[in-house]
Structure formats: structure tokens, C-alpha cells
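A short worksheet on the structure shown next.
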Amino acid sequence: MFFRFLLRRIFYVIPMLLITTLIVFSLILLIPGDPALALLGDNATAEKLAALRAQLGLDQPIIMQYWHWLTNAIQGDLGRSLFTGEYVSDAVFTRLGVTFQVVAMAMIFSFAFGLLFAITSVIKPNSWMDYIARFFGVLGTAIPNFWLAMILVVLFSVHLGWLPATGFTSISDHPVDFMKSVLLPSFCLGSFGAAQITRQLRSSLIEVLESDYIRTAYSKGLLLWQVIWKHGLRNALLPVVTTAGLLFGNMLGATVVIESVFAIPGMGQLAVHSILQRDFPMLQGVVLIMVLMILIINFITDVIYGVLDPRIEFE
Amino acid sequence: MRTAKRIVTIFLLSVVLVISGCSSSSSKNNAQPSTGKSAGAENNEPKQGGSLTVAYDSDISNYDPILGNSGNDHSLLYPVYDTLVGYNSELEAVPGLAKSWETPNDKTLILHLQEGVTFHDGTVFDAEAVKFNLDRIRSDQSNISDLSSIESVEVMDESTVQLNLNRPDSSIILALSDRSGMMVSPAAVEKFGDDYSQNPVGTGPFKMVKWVRNGEILFEANDHYWQEGLPYLDKLTVKIMPDENTRLNALKSGQAQFYWNVSPDNSQALKTDQNIVLDTKMKLAFYNIYLNTTMEPFNKKEVRQALQFAINREALVKALTFNEGEAAYQTFPKEYWAANADLTISYDLEKAKSLLKEAGLERVSFEMFVPSTPFYQRLAEAIKGQVKEAGFDINIEPMELTKGVSLYFNEKQLPSNLTSWTGRPDPHQTVQLLLSGEGFYNAGGETTAEREELIAKAAASYEAEERAGYYEQINKLAVHEEAMTIPIMFVPSTGAMLPQVKGFEGTLLGKPKFSFLWLDE
């Protein structure tokens, strides 16, 4: 049953990828700005431009260019950057590792704070703990993450000197430096997520804790934490899992800003750079991988549903 | 509820404290003049060793000098590649890989090369290597057009090369201090082919050992560098940080010891910081309104002239650069050898109005592309306000750079654009590109026989003073009389560094050289 579900999901992914990449491809070709001109600069004579366009295949109709890209991509060749000449696949995968580490840490932050705040707030609704949790729930949603990032950098890096202001160290190179370099960016990236999870989980926990089986659990003599952990949380987590799946996509998008504030060489920076330069092959590569990641996360979300709630079947 | 309010109050207070803490830190130190050359370089003996980290604003567009397309690349190319000709802070040619040169006639240039120089991969640098490079730069695969006056390159002996020109061209010497003079290893080009740009090999003081795109570039000292005792540093790291606040934070938190491209706002604040040394130097680049003289309304000379007189450049310099900048009345800043410091364009609203009347117009409105960055937006708004009185209504079209440049220069859909001229090592390159009929930046392509003759004459002269005379005439004719383009202002380039960083010297070109810095610690 699960295997068939898996197969069908993979089957869905294919048209999804085709459509998104085609849309992105046409969009970037529709906006004015010619990579050939960007490459040639003030040496651009009409003949040179025409020659370079022909060489890059930019003189062909969009659909032909897309077909060309697609057939190569299927064979694993995403092409080379129009500007630096590096292989798109190499560039994208090195950056994917960076962004993935930052986003993963941000997800951990979101969940840790989200769970903490939500649970403390439902233990005693309308208590001061509840107010703090709700306050941070609003704050995390309202504060723009780039602003938060700048404030935190000024405080923790420039004034206190505890954490690096910029840069990134991979976890495989140096775990301690990794934590230092990733703490601020992932906190900023995760603050919105933490707030969302707090709000979502709080309201669904409150609903669940009012249901009959919770009363039954209490009457069996279970302790508060046992009730919340075993009976409450597990039933309340389903909507949170949905939120988390969406958050992941959100965070991938937000890396565009956060990575530039912290000068982290990740996917977000690469995307921005490629758009500004009209580096089509590179941008296609970035979009392809981002879409793939989001589809994979959606898939994982669906699987987690099943684990959390055995009533859900994989059809 | 009351507790919640208290929490909010405490939080807000702490935010205020944090913010006020940031702003007071820069004002608590007393003023200390820190412009000019970085102090101490002449008193102290340079010290060997150490590693320096620089925060730089953009990554290199390509590590092959013939393929790159950005003016910001040079600072990242210099450590790896030596140029045939060098330049000093005032942009005069000095020996480089060519220890001397001569021009027996105005169509011949003979270069005498340094001996005993090798590329990082051990290949010998000799006349053959120079020929290989100059031919490569002039080939179809190259993006460089500065050497179009070279007819042929002849190897005279192992260390002498003769360039035969198809027309007199004095700009060729300083062009060889640019990308065109950067020598790559012929063996490496052969070996790596299409992957050469990932594996650059030059004769420079540093080897590029690691390049994380948009992240950082690591350089290691070249132990066999041909100049005795250089470089001082063992390691040089350039971190790419497009956002200026990020660069500033990196410097203040000690992650970098040098940050390039300080905006006038920040340089005002940093001047009072005793822990930071600033180096400010006027540069050739200037803000400019490019006009397409074949499009309405700028196909009328009177309209262009009116715009030229309607701008109060001094006021713009004061308001936008805290007087650090310089009003542009010609295509070069005053302190440059090719400029005449006495040229001015008067700010004269009456004259502007009467010129418009002469053209039969009361009010003129036009579209102007402006890059969508804060400084450009402020500049554009200020200009718009000034020229309104003379009868101009500017419709500002904010766009991202690639798009705007494409619309203006390629598709010719806009009559004007406010961007900057980035400057070139030789004045001929500037004049040729901006004002000649074939110049890329002269979007309308209009010219006059008189102007072309002057440009050709200037190119045929190898005497600096004589050339400067021609450039004055060209500016009087093309900028003042014909108002082909509207120069606005020059803004200096500024680098900020920690006090232990020594040996930095800004140049008129505004492209910092990091290779020979040293650390006093």
C-alpha cells in the first residue's frame, strides 16, 4: 500500500517539475535584460551581440531553448553558468548543503520554541506564562526577519563580540564554529516559524484538551504532563505538521534576505545573483532544486501524518 | 493583563536601549582627521607574514581576464595577475611586467620585459607568452576591445615585444594596465581549456587557492614572486559581502580588517572612530545623465543645453555627499592629469529657460531610467526638483540595472538614463566610449567631424600635456557646447581598515589593490 502511494507521489512530481521549470524559464526570458549584453558590456557591437546570442542559443524560440535545457537536464547536465563558466550542478549542490544546514537549524529552533511556548501557555490559560507565549507569538509574526537580523548582529557581534557577524562554517568542517555561525541566521529565520507553531499548536491543544478522552485520561489518574504529552500533543500535532511543511518553503524563500545580511553563500544568494545577471542556466538549476526540495518535504509531511495518526491511510 | 503590559514595556525599553547603544558608540570618540593616506607606511618598515581578511562588495564575474565584464573584478584579479604596465595613485603609467617601453614612431610600441619571471605553474614568462596573451585578448572569444589598434605582435627576442599599430593610439600603454595587460599562463590555458576560469594561473604575488562563489576567495603568497620581498602577507582572504552594513559589521566585529566601498554617510560616522582608519581618494567614476540625442526631446541641442545649465551640481554634492564629492563639469575630476581644473558649467536657470524657448518649448517632460538603489533614487529626486524650475518634468523610471541598461543601450526605448560612468585607465578610452560616434555609451551615435578629428588627434599624441589640451577642447565642444551628456558629480572611493593594516594607497581609478598590504601587529 505504502509502496503504491510512494510511486504515485513520484509520478505527480514529474508534471509539477515540468510546469514550474517551464514557467520560470519563460518568465526570465520575458523580463527585459539581455545576458549577452551583460556579458559583453561596452564592447557590445550589434554583430558581437548576435554572435554571442547564437552561441548561447538565445536566438532560438523560448520553447526550443526550454526543450534543449530539458533534454540535457534529464541526462543530468544542467549546463554551465553563462558568466563564470562553472558547472551549474556543482554550484547548486555546494550551496544546497549550506542552505539546508541553515534551514534545518531554523526548523529545529521553530519547533523547540514553538512547543515550549505552546505547552506552557495551555497548562494554565490566561496566566502570565500564557501571555508571554502569546506575546512572542504575535512578535515573531510581526517582526521582519531582516530587521531582527540587523539588530541581533549589532548586539551580539559588534557590541558583545560573542558571535560572528557574517559568514558560514559547515558542520562537517568545525561543529563549534558551525553553531556559532548558524545561531543568529537560523534564529532570525526561525522566529516566524516559532511564532506560527506556537499559535497553531496552542489553539489546537486547547481544543484537544477539552475533548472527552482527555477528561477520561485525567479521571484515570494520569499526571498533567502525561496527558499533554501522550494524549494531547499527539492529537494536536497534525495541523502543526501541515504548518511545518509550509514553513519549510517559506524559509527557503526567506534565505534570500537572511543570507545576504549574514553573507552566507547559499541558495538564496545564488538565486538573487543569477536573476540580476540573467544567468539563465544557473537560475533554472536553483529553481529546479528548490522545487524538488519542497516536493520532497510535502511528501515527508504526508508520511508523518500516517505515523502520527494511524487512521490516515496511504491511498 | 497588567503583567502583560509590563512585559511589553520592558521589551520596548530594551529595544530602545539596544538601538541607542548602537548609535552612541560611534559618537563617543572625539573627532580625529583620518582621511588621506593610511598613516605609518613611511615611518615603519613593512613586516612580513600574517593573514588579512578583506570585506569586498562583489564577487568576480570571471577569473579569466578576457571573459569578465565587471569593473569590480580588477581588485580580485590583481593578486593573481600582474599587468604589463602598472599605474600609480595618480594614474600615470609605471613599469610592470614590462620594465620599460618606447615608441620609435606613433604606430609602434616596443616593450622590454622583466626577466626571470615565471607563472605560478612554472611556465616561463617571456616574449612568446606576451604574444600568446595579446593575440588571445584580440581573438573572437575575448570580450575586450581595448587593443583594436594592434595590427600585429612581433617577438623581437626573448624579452622584447613589438606592437605594430594600425593607427596612432597612445591609450594602448595604459590599456595594458587594465585587463588587456593581464598575463595568463599559456600552458594553463592549454591544459584547462573551458575550465580555465576555475583554475586561474598568472605571475602575480598570490595564487588563488579556493573560490567559493559569492562567499570568499582565498589567496596564498606566491613564494617565487619576481619582486624581492613581496608580498608581505602569507594569506589574503576576500569575503564577498554585497550589503554595506554587513561589511561594516564584519570590520567592527573583527572578522575583517579592511572593508571596501564606504558610503559617504558611513564615512562621516566612521571618521570619528579611533579604531578605524579611513582612506579616501577622488576617483574617475562619476554620476552622469546619458542622453540619446536621436530621441525626443534630446534631438534638439537647445534642450540638452538647457538641461546642462539647469542642474546645481554644487548643491547636489553638498546635500548627497557631505561635500566629499566634486561637481562634474567635464568627463574627468580636477586632480587628474587629463583635466583642466578651470572648466565649469554655470548653474543658470534663466539661460536654461531661454534656451527652451529658443527650441520652441515651454515645458519638456522625459523619461529617465534610474537604478532602483537608495542613493540613485535620492540623486534622481534631487535633480528632478532642481530642473523643474527651468521647465523640465522628469519621469523617473526606477528599474533594476540589467533591465534598465538593456532598455536604454540595446533596445533604445528610453531617451535618458542616470547611471554612472565607471572610469577607464586612459582618458582616450573614456572620451572614445562616451563621446565618439562609435562609442557604446553614445546611444544615439551622433557625432561631428570636428569632434572625431579632435579625438583622433588626442589619440595620436604621446605627450601628456598636449593630450590634456585636446581633452579640454573635446570637453568644451562635446559636453559644454553640444551637451551630448550631462555629467553630475564625482564621488571619492573610501576604504575603512583597522589601524594595524598598513600600506594601502587609493588610486584615481578607484580599484583597490590588496596585494602589498602588511600588518603591524
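What does the convex hull of the alpha-carbon atoms of the range A:182-284 project to on average, in nm²?
8.3
Provide the convex hull volume over Cα atoms per residue for the range B:116-171, in Å³.
102
Cross-link candidates for residue B:353: which lysines have Cα within less than 19 Å, leaving aside residues fewer than 8 places away along the same chain?
B:300, B:301, B:384, B:388
Which one, B:204, B:144, B:214, projects farthest toward the positive side of the charge dipole computed for the protein assembly as shown from Cβ point charges (K/R +1, D/E -1)?
B:214
Determine the dipole magnitude for chain A: charges of +1 sit on the beta-carbon of Lys and Arg, -1 on that of Asp and Glu, nothing else is charged, the reference point is the Cα centre, and the result goes in debye to the nearest 20.
Result for chain A is approximately 920 debye, rounded to the nearest 20.
Of the options A:50, A:294, B:428, report the single residue whose Cα projects farthest towards the positive end of the charge dipole of the protein assembly as shown (beta-carbon charges: Lys, Arg +1; Asp, Glu -1).
Highest projection toward the positive end goes to A:294.
Within the range A:222-254, list the residues whose amide N lies under 14 Å from a label point set 7 Å along Cα→Cβ of residue A:301.
Counting only backbone N, you get A:238-253.
Going 7 Å from the Cα of residue B:393 along its beta-carbon direction, which residues of the range B:338-372 have the amide nitrogen within less than 11 Å of the resulting point?
Once the point is set 7 Å along Cα→Cβ of residue B:393, B:363-366 turn out to lie under 11 Å by backbone N, inside the range B:338-372.
Taking amide hydrogens as modeled 1.01 Å from N in the peptide plane, which residues meet the under 5 Å criterion relative to residue B:289, leaving out close sequence neighbours?
The list, which skips near neighbours in sequence, is B:486, B:488.
Give me the inter-chain shielding for A:165-172: mean count of other chain Cβ atoms within 10 Å, whole number please.
5
Can you list residues from other chains, or at least 5 along the same chain, whose modelled amide H is less than 5 Å from the amide H of residue A:78?
Residues meeting the criterion, in which the H sits 1.01 Å from N, are A:89.
Would you please give the FRET efficiency between residue B:400 and residue A:50, computed as 1/(1 + (r/R0)^6) with r the Cβ-Cβ distance and R0 = 35 Å, to the nearest 0.05?
After rounding to 0.05, the efficiency reads 0.90.
Name all residues of the range A:133-167 having a backbone nitrogen under 18 Å from the label point set 7 Å from the Cα of residue A:108 along its Cα→Cβ direction, giving them as ranges.
Once the point is set 7 Å along Cα→Cβ of residue A:108, A:163-164 turn out to lie under 18 Å by backbone N, inside the range A:133-167.
Among A:103, A:24, A:92, whose mean-square fluctuation peaks in a Gaussian network model of chain A (Cα, cutoff 10 Å)?
With Cα springs under 10 Å in chain A, the top fluctuation among A:103, A:24, A:92 is at A:24.
Compute the Rg to Rh ratio over the range B:314-383 from the alpha carbon atoms, using the Kirkwood formula for Rh, and round to two decimal places.
Here the Rg-to-Rh quotient is 1.03.
With only Lys, Arg, Asp and Glu charged, each at its Cβ (+1 for the first two, -1 for the last two), find how big the charge dipole of chain B is about the Cα centre; round to the nearest 20 debye.
Here the size comes out at about 2500 debye.
Using a 1.4 Å probe and ignoring any ligands, DNA or RNA, find the accessible area of residue B:462 and quote it in Å² to the nearest 10.
60
For the protein assembly as shown, give the magnitude of the charge dipole about the Cα centre (Cβ charges: +1 Lys/Arg, -1 Asp/Glu; no others), in debye to the nearest 20.
4500
Rule-of-thumb check for the range A:2-74: C-alpha Rg over 2.2 N^0.38 Å?
For the range A:2-74, the normalised Cα radius of gyration is 1.55.
Among B:317, B:299, B:385, pick out the residue whose Cα is farthest towards the positive end of the charge dipole of the range B:286-490, where Lys and Arg carry +1 and Asp and Glu carry -1 on C-beta, about the Cα centre.
Towards the positive end, the residue furthest out is B:385.
Can you compute log10 of I(q)/I(0) for the range B:394-521 with the Debye formula, treating each Cα as one identical point scatterer, at q = 0.14 Å⁻¹?
Each listed q corresponds, in turn, to -0.79.
Rg and Dmax of the range B:81-194 over Cα atoms: what are they, in angstrom?
13.3, 39
Based on the Cβ-Cβ distance from residue B:210 to residue A:211, what FRET efficiency comes out when R0 is 60 Å, to the nearest 0.05?
After rounding, the FRET efficiency stands at 0.55.
Sorted by accessible area (1.4 Å probe), largest first, how do B:358, A:86 line up?
From most exposed to least exposed: B:358, A:86.
Give me the one-decimal Kirkwood hydrodynamic radius in Å for the range A:274-315, with the sum taken over alpha-carbon pairs.
It is 12.3 Å.
Can you give me the relative contact order of the range B:286-490 as a percent, contacts being Cα pairs under 8 Å and 6 or more apart?
35
Other chains near A:90-101: what is the mean number of their Cβ atoms within 10 Å of each residue's Cβ?
Taking all residues of A:90-101 together, the mean is 1.
Between residue B:263 and residue B:318, how many nm apart are label points set 7 Å from Cα along the C-beta direction?
About 2.3 nm, to one decimal.
Please give the solvent-accessible surface of residue A:5 in Å², to the nearest 10, using a probe radius of 1.4 Å with every protein chain present.
Its heavy atoms expose roughly 20 Å² to the probe.
Sorted from largest down, give the three principal axis spans of the alpha carbons of the range B:176-312, whole angstrom values.
Largest first, the range B:176-312 extends 61, 47, 30 Å along its Cα principal axes.
Rg over Rh of the range B:286-490, using C-alpha atoms and the Kirkwood radius, what does it come to?
0.94
Would you kindly compute the Cα radius of gyration of the range A:148-226 and its largest Cα-Cα separation (Dmax), both in Å?
20.3, 55
In percent, how large is the relative contact order of chain A, given Cα pairs closer than 8 Å and 6 or more residues apart?
Reported relative contact order: 26 percent.
With a cut-off of 8 Å between alpha carbons and a minimum separation of six or more residues, what is the relative contact order of chain B in percent?
Computed over chain B, the figure is 22 percent.
Taking just the alpha-carbon atoms of the protein assembly as shown, what radius of gyration and Dmax come out, in angstrom?
For the protein assembly as shown, the Cα radius of gyration and maximum Cα-Cα distance read 30.4, 107 Å.
Based on the alpha carbons, how large is the Rg to Rh ratio for the range A:88-308 when Rh follows Kirkwood?
That ratio is 1.04, to two decimals.
Run the 1.4 Å probe and let me know the accessible area of residue B:83, rounded to the nearest 10 Å².
20
Counting only protein chains, not ligands or nucleic acids, how are B:216, A:259, B:389 ordered by accessible area (probe 1.4 Å), most first?
Heavy-atom accessible area, descending, gives B:389, B:216, A:259.
Once chain B is represented by equal point scatterers at the alpha-carbon sites, with solvent omitted, what log10 I(q)/I(0) does the Debye formula produce at q = 0.07, 0.12, 0.13 Å⁻¹?
Log10 of I(q)/I(0), two decimals: -0.43, -1.20, -1.36.
Using only the heavy atoms of the protein chains and a 1.4 Å probe, how would B:378, A:278 rank by accessible area, largest first?
My answer, sorted largest first, is B:378, A:278.
Residue by residue through B:406-419, how many Cβ atoms from other chains fall within 10 Å of the Cβ on average?
Shielding by partners across B:406-419 averages 2.
What lysines does residue A:48 reach when the alpha-carbon gap must be under 19 Å and sequence neighbours fewer than 8 apart in one chain are set aside?
B:412
Between residue B:275 and residue B:335, what is 0.36 nm times their sequence separation minus the Cα-Cα distance? Round to one decimal in nm.
Fully extending the segment from residue B:275 to residue B:335 adds 18.6 nm.
Going by amide H atoms built from the backbone, whose H comes under 5 Å of the H on residue B:87, apart from near neighbours?
It is B:94, by chain and number.
The values are calculated or read from the model by the stated rules, or taken from the named source; none is laboratory data. This structure is a prediction, so every number in the text was calculated from the model and none was measured. Cβ: placed from backbone, ideal geometry, glycine included. Neighbour counts: every protein chain shown. Just so you know, the surface numbers come from the protein's heavy atoms only, side chains and all, with ligands and any DNA or RNA stripped out. Shrake-Rupley method; radii C 1.70, N 1.55, O 1.52, S 1.80 Å.
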